[in-house]
1. Taking the Cα centre of each part, how many Å lie between the range 385-442 and the range 91-166?
2. Would you mind counting up the charge near TYR448? Only other residues with Cβ under 15 Å from its Cβ, with Lys and Arg at +1 and Asp and Glu at -1.
3. Which value, in Å² rounded to 10, gives the accessible area of ILE457 with a 1.4 Å probe and all protein chains present?
4. Count the net charge of all other residues whose Cβ sits under 12 Å from the Cβ of ALA74, scoring Lys and Arg as +1 and Asp and Glu as -1.
5. Could you work out the relative contact order of the range 313-506? I mean the mean sequence separation of Cα pairs under 8 Å and 6+ apart, divided by the number of residues, in percent.
6. Can you tell me the length gained on complete extension of the stretch TRP468 to THR404, counting 0.36 nm per residue apart and subtracting the Cα distance?
7. Mind scanning LYS156/LYS373; LYS348/LYS373; LYS348/LYS475; LYS181/LYS348 and naming the pairs with a C-alpha gap bigger than 19 Å?
8. Mind giving me the nanometre distance, one decimal, between the label points for VAL323 and ILE492, set 7 Å out from Cα along Cα→Cβ?
Amino acid sequence: MYASREDIGYDFGDDSKVGSKPIKPNPNIDGGWAWMIVLSSFLVHILIMGSQMALGILNMEWLEEFNQSRGLTAWVSSLSMGITLIVGPFIGLFISMCGCRKTAIIGGILNALGWILSTYASNVHYLFLTFGVTAGVGSGMVYLPAVVMVGQYFQKRRALAQGLSTTGTGFGAFLMTALLKYLCTEFGWRNAMFIQGAISLNLCVCGALMRPLSPKDVSEKYVVRSNSEDNQAKALSHSAETIKSNGVLSEEPEKKEEAANEEVLDSVQHTEIGGKSKSGRKMYGLRILKRVSQLTVTVRKGFAIWYSSYFGAASLFTNRVFVAFIIWALFAYSSFVIPFIHLPEIVKQYNLSSQNNIFPLTSIIAIVHIFGKVILGIISDLPCISTWNVFLMANFTLVTCILTLPLMQTYASLAVVCALIGFSSGYFSLMPVVTEDLVGTKHLANAYGIIICANGISALLGPPFAGWIYDITHKYDFSFYISGLLYMVGIIFLFIQPCIQKKQPREKSTEQAQ
């Protein structure tokens with residue numbers, strides 16, 4: 001039988017007596033501190049994704065300052081966006097070993113350092129290293145934990161919680177566009193980046209808010225999830241069951257290994273206590289040995305979980321729908337990023353700068369993007385609605401807008417298309433939910449790391465490709481057409497794989513009947 005939605009996120013006590021014990025609400029799931037996690041994730045999206053969506057302002061400043069081609073200059077923005085997402089699988093390893101809180105705090109420091117060092121740039125290539133790589137890696141170390149923590153703390157209202165937290169991207173794009181434009185006008189782009197670096201230190205505060213769930217809470221949430229499949233995702237259930245049946249790590253060797261390591265640590269502690277009369281140097285050596293032993297246990301355990309997710313018997317790549325999801329992600333994100341980077345330049349070409357200065361088109365995308373995420377999240381949480389179908393419809397709307405954008409040459413028509421782009425791109429809030437439905441909570445960090453890595457490759461190559469096409473044709477039209485068609489190929493993959501998954505169980509049942 002399927003567990004009801006209301007059952008998820010509650011304490012069950014002894015697993016062998018699930019039906020005999022009364023169900024007690026677990027305050028750590030879907031309530032209490034969970035909403036502080038949403039707030040933390042919301043602020044992370046403002047400071048990271050929002051500021052990246054406002055890089056069109058700095059891109060124009062860099063073009064004037066360094067007098068390089070549009071294709072080369074666009075690499076600065078795309079490197080920052082791309083590396084933020086590409087490092088996802090490796091950040092999954094950090095999360096397995098250190099936890100979300102420590103990973104996010106270290107990332108906040110790196111991100112701020114990247115912004116501040118960029119103020120001393122003497123050429124575009126210097127920005128590749130400071131802003132593209134340093135700030136990009138720091139952003140990735142904060143972004144993935146922010147998404148994963150919301151997935152861990154919510155079950156019944158996952159789509160809504162992810163929708164609320166990721167609206168920070170829209171708010172951030174609106175606020176950061178206005179802030180960077182003001183700072184560049186008043187203080188110049190170098191001082192603007194220095195101030196933005198100081199603001200980015202608030203990411204460390206966001207990381208500190210990411211209080212980890214106790215192992216008991218995580219295991220209970222996972223056990224209930226593994227026994228229940230959402231009725232809305234029947235087309236994906238066969239694929240999800242495959243990864244869940246294969247995805248349970250061998251725990252007995254782990255327990256034996258942990259017990260052996262505990263014995264080592266205990267022996268070190270006893271030696272330490274019994275040797276109080278010995279020299280301080282020996283005591284210091286024993287403490288170091290104890291710390292190294294603890295670190296070794298943590299690193300080996302984290303690496304085992306990370307390795308099994310990618311290369312072991314529990315490899316996520318055995319899930320065909322998940323593989324199709326990765327192929328979609330490789331083409332999708334560039335179609336959303338290209339307008340943000342190149343719209344200011346397009347508006348300038350169409351002589352619409354005066355109207356755009358009153359209300360920028362990128363701000364229209366950002367504002368409507370906020371409503372899109374919340375509304376799509378609410379719709380997806382309805383019992384009669386499939387999250388997967390909402391996700392696909394939003395993708396179809398977005399790719400249609402990307403293909404029609406070059407045909408619009410007035411401010412009003414561009415504003416309408418940009419509003420539709422903003423609303424339909426609200427499907428980003430559903431990506432963690434769809435990923436979790438495919439692979440389960442236990443594999444969410446590593447699986448979502450792969451998805452955002454694919455998105456990162458798309459974001460990395462998209463804007464420079466659009467700039468390169470412009471340098472050849474002196475038009476952005478072909479950039480939108482090509483990226484839109486590639487995006488359509490990715491959506492077709494999402495349609496094909498669930499159909500194959502549906503056919504396979506039917507074929508097996510026919511063979512058994514014969």
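The values are calculated or read from the model by the stated rules, or taken from the named source; none is laboratory data. Please read all numbers here as calculations on a predicted model, not as lab measurements. Counting neighbours? That spans all protein chains shown, and the Cβs are built from the backbone with ideal geometry, glycine included. Note: areas computed on protein heavy atoms with side chains; ligands, DNA, RNA excluded. Shrake-Rupley method; radii C 1.70, N 1.55, O 1.52, S 1.80 Å.
1. Distance between centres, Cα-based: 23 Å.
2. Around TYR448, the charge tally is 0.
3. For ILE457, the solvent-accessible surface is approximately 60 Å².
4. Numbers: positive: ARG70; negative: GLU345, ASP471.
Spelling it out: positives minus negatives among the neighbours equals -1.
5. Working: 221 pairs, mean separation 77.0, N = 194.
Rounded, it is 40 percent for the range 313-506.
6. Details: separation 64, 0.36 × 64 = 23.04 nm, distance 2.06 nm.
Taking 0.36 nm per residue and subtracting the Cα distance, the gain is 21.0 nm.
7. On the way: LYS156/LYS373 17 Å; LYS348/LYS373 30 Å; LYS348/LYS475 12 Å; LYS181/LYS348 16 Å.
Beyond 19 Å: LYS348/LYS373.
8. In this crude label model, VAL323 to ILE492 measures out at 1.9 nm.
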